[in-house]
1. Out of (1) in contact (Cβ under 8 Å) with a residue 12 or more places away in the chain; (2) not in a helix (DSSP H, G or I), what's the single condition that is false for LYS269?
2. Restricting to segment 166-194, give me the number of residues that are farther than 19 Å from LEU333 by Cα and open to solvent by 20 Å² or more (accessible area, probe 1.4 Å).
3. Given the structure, is GLU341 outside the structural domain of GLN263 (by the TED database), more than 30 Å from ASP179 (Cα to Cα) and either touching a residue at least 60 places away in the same chain (Cβ under 8 Å) or not hydrophobic (A, V, I, L, M, F, W, C) (or both)?
4. Which of the numbered conditions does GLY36 fail, given that it passes all the others? Conditions: (1) part of a strand (DSSP E or B); (2) of a type outside the set (Ser, Thr, Tyr); (3) in contact (Cβ under 8 Å) with a residue 40 or more places away in the chain; (4) more than 18 Å from ASP162 (Cβ to Cβ).
5. For segment 57-168, which strands (runs of 3 or more DSSP E) that fit wholly inside it have 3 or more residues that are among the hydrophobic types (A, V, I, L, M, F, W, C)?
6. Name the strands (runs of 3 or more DSSP E) wholly inside segment 308-379 in which the number of residues that are open to solvent by less than 60 Å² (accessible area, probe 1.4 Å) is 3 or more.
7. Only one residue in PHE275, PHE354 is closer than 30 Å to GLY247 by Cα, touching a strand residue (DSSP E or B) at 6+ places or on another chain (Cβ under 9 Å) and not assigned by the TED database to the domain that holds ILE210, so which one is that?
8. Which pairs have Cβ atoms under 9 Å, sit 6 or more apart or on different chains, and link a residue in segment 44-61 that is surrounded by fewer than 15 Cβ atoms within 10 Å (Cβ to Cβ) to one that is of a type in the set (Ser, Thr, Tyr)?
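The values are calculated or read from the model by the stated rules, or taken from the named source; none is laboratory data. Since we're looking at a predicted model, the values are computed, not measured. Neighbour counts run over all protein chains shown; Cβ positions are idealised from the backbone, glycine included. Keep in mind that these areas ignore ligands, DNA and RNA; they rest on the heavy atoms of the full protein, side chains included. Shrake-Rupley method; radii C 1.70, N 1.55, O 1.52, S 1.80 Å.
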Amino acid sequence: MLKAIKARSARIAVFSVPFIALLCGAAYAAPKVVSGPAGDPKCMTPWAADTQFLQYPQKKGPYRIALANGYIANTWRIQMVQTAKAYAKQPDVAAKLKEFKVVSTGEDVPAQISAINNFIDAGYDAIVVDAQNPTAFGPVIKRAKEAGVILVAFDNTLDTKDAINVNVDQKGLGVIWADWLVKHMPNGGKVLEVRGVAGTSVDTDRHNGIKETLDASGKKFNVTEVVGKWDDGVAQKATADAIATNGPFDGITAQGGDTGVVQAMMDAKHPFVVFGGETENGFRKLCAAHAADGLKCASAGTGPAQVAVAIKTAIAALEGQVIPQAVKLPTALVQDPDFKEGQDYYPKQSDNFFVGNSFPTCGINFTAQEIMGQTKENQ
């Protein structure tokens, strides 16, 4: 009988240690809702007037931080991964990091969730995520919270209050591009919309901004939608096919791969038209070169350097600084006729380099060489 009691007690003890640890992790992970402003108010601007400010329990560094990226097959994502690595190597940042890990899992949502779970199991302090789907991550968000792991989502953010979101106003970008078309197409007309990666929050938000703005204009727009996946090659082929089947178009808007879109127009000898698009260097070079020929552009977006703001936010949260639950990034915008060489585009840089890769209010800035010296590979 005594042996049975001892054995039962041992089993309870074995069970209790991880159970208590789990409870402690959950308590540790729960941030306090506090009054603003943020510890770095110039950098970490709240998304809206009612955005909550959070303060996580301070954790002693240096920290283990991971980037769990999804899609990698376009220039923006590649440059984003390179920028993350470049930022982690800057001396003042590297001093705060024990380890910085990068994994890209493609368009497979379960694979990205599995990668985040692996980082949680490995004891990372914070995980930065460019999410493939805004609503599919509920269970892993709960696991991170219970384990005391801080999640920071950027670009394609997460539909939750249990993660920190860092983003530009993606729907607002769609509004900017559509407003440009409305302004320069007084009688409406045929529009080609080149969308991004299906299922992502960025593609959905930008599309909604475009659609709602065109619909509200009171003008008649006939819109042809194609998928360009924010990639020059994919967008160029999609545009070429659209011109062949539904062209010509009176206006174009594209979420990315814009250099390829313009190239498809040129190859098809399609007239230059009003264009609302992203911030690729090649696109801006073409806008400047062909403005007099009718390529009237509005170029708006936010560069891949937003990943650096997300990493900076994760470190601030681990240090116990006050941060907004949702951080709003500034939008880089240039419109015809204001494209300036050496400021808004760079003739000597590659076409697929995204311009505006700095956030001065956050103390974040990179040279092209600093970014391009990094690889896109997992590390």
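1. So the condition that LYS269 fails would be (1).
2. The number of residues fulfilling the criteria is 3.
3. no
4. Tallying (1) part of a strand (DSSP E or B); (2) of a type outside the set (Ser, Thr, Tyr); (3) in contact (Cβ under 8 Å) with a residue 40 or more places away in the chain; (4) more than 18 Å from ASP162 (Cβ to Cβ), GLY36 fails exactly one: (1).
5. In segment 57-168, 63-69, 97-104, 126-130, 150-154 are the strands (runs of 3 or more DSSP E) which contain 3 or more residues that are among the hydrophobic types (A, V, I, L, M, F, W, C).
6. It comes to 322-324.
7. PHE354 is the lone residue from the list that is closer than 30 Å to GLY247 by Cα, touching a strand residue (DSSP E or B) at 6+ places or on another chain (Cβ under 9 Å) and not assigned by the TED database to the domain that holds ILE210.
8. From segment 44-61, the pairs are PRO57/TYR28.
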